[in-house]
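Everything below concerns the one structure shown next.
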Amino acid sequence: MTLSDQLVALIKETSLEVSTEQISLLIQYVELLNKWNKAYNLTSVRDPKDMMIKHIMDSLMVGPHLKGQSFIDVGTGPGLPGIPLAILYPERNFVLLDSLGKRITFLRQVVFQLKLNNVIPVKSRVEQYHPEQPFDGVLSRAFSSLNDMVTWCEHLVSVEHGRFLALKGIYPSDEIAALPDNIAVTNSYAIAVPQLDGERHLIELVKS
């Protein structure tokens, strides 16, 4: 089975609407990631077919829960979930933030080759990055705890409508209990990623 056939089959197991052109871009991204991974060690997932499930589908399934137009993916690594979501939603804007130069170099190449005009890779530590405008949403699957995420990223979202969107495995009950008083959980979603073993949850938080 080709990567394209695999991706089409996986998408058919969901309610996502993905065009032929978007499928082509997602395949190109995985091919670039696989090529660069050999030298740059961008992800521990080595097999492109595993990348389709653990990286592409895992990222895309967050899409239906996004609200707003501007997002920042903090600790994006090789662009996850930011690049797949930017391909799925070309009308929305994504800043991909990472402190490691080789990851940003890779992401700049992805943006150039795939002509993604809604993506800006930024090399910075999160506490040193101060955007001109707050974002509608902070996305991340990089933080070890929800408390770390809201502490380090508090300056990135607006009080009125900004959301933190944390991608987690099992439901993080202990982390939620340890959140500061000015942070509230507004939604939690059990994410069903086709053919992925293990639980996935998306936790949506706001600050008051």
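Some observations on this one:
- Subset tally (residues that are touching a residue at least 24 places away in the same chain (Cβ under 8 Å) and open to solvent by 30 Å² or more (accessible area, probe 1.4 Å)) for region 2-13: 2
- In region 1-43, the residues that are among the aliphatic types (A, V, I, L, M), closer than 19 Å to V111 by Cβ and not in a helix (DSSP H, G or I): L42
- Pair list, Cβ < 8 Å and 6+ apart or interchain, from region 112-139 residues that are open to solvent by less than 30 Å² (accessible area, probe 1.4 Å) to residues that are of a type in the set (S, T, Y) and in a strand (DSSP E or B): F135/S70; D136/S70; G137/S70
- Residue check, L202 touching a strand residue (DSSP E or B) at 6+ places or on another chain (Cβ under 6 Å) and open to solvent by less than 60 Å² (accessible area, probe 1.4 Å): yes
- Residue among D58, D73 that alone is among the acidic types (D, E), assigned to a strand (DSSP E or B) and touching a residue at least 12 places away in the same chain (Cβ under 8 Å): D73
- Filtering S99, S44, S19 for residues that are within 23 Å of H201 (Cα to Cα) and either open to solvent by 70 Å² or more (accessible area, probe 1.4 Å) or not aliphatic (A, V, I, L, M) (or both) leaves a single hit, S44.
- The set of residues in region 154-199 that are touching a helix residue (DSSP H, G or I) at 6+ places or on another chain (Cβ under 7 Å), among the hydroxyl-bearing types (S, T, Y) and open to solvent by 70 Å² or more (accessible area, probe 1.4 Å) is empty.
- Residues (within 21 Å of A192 (Cβ to Cβ) and either in contact (Cβ under 8 Å) with a residue 40 or more places away in the chain or open to solvent by 30 Å² or more (accessible area, probe 1.4 Å) (or both)) located in region 22-38: Q22, L26
- Pairs where the first residue, in region 171-198, is touching a residue at least 24 places away in the same chain (Cβ under 8 Å) and the second is among the charged types (D, E, K, R) and loosely packed, with under 13 Cβ neighbours inside 10 Å, C-beta under 9 Å, 6+ apart: A192/E13; P194/K12; P194/E13; Q195/E13
- Of the residues making up region 83-90, none is within 20 Å of K168 (Cα to Cα), assigned to a loop (DSSP other than H, G, I, E, B) and touching a strand residue (DSSP E or B) at 6+ places or on another chain (Cβ under 9 Å).
- Some residue of region 40-52 being at pLDDT 95 or above, small (G, A, S) and closer than 19 Å to T76 by Cβ: yes
The values are calculated or read from the model by the stated rules, or taken from the named source; none is laboratory data. Every value quoted in this text rests on a predicted model; they were computed, and no experiment measured them. FYI the Cβ positions are ideal-geometry reconstructions off the backbone, even for glycines, and counts take in every protein chain you see. Remember, those area values only see protein heavy atoms, side chains included, never the ligands or the DNA or RNA. Shrake-Rupley method; radii C 1.70, N 1.55, O 1.52, S 1.80 Å.
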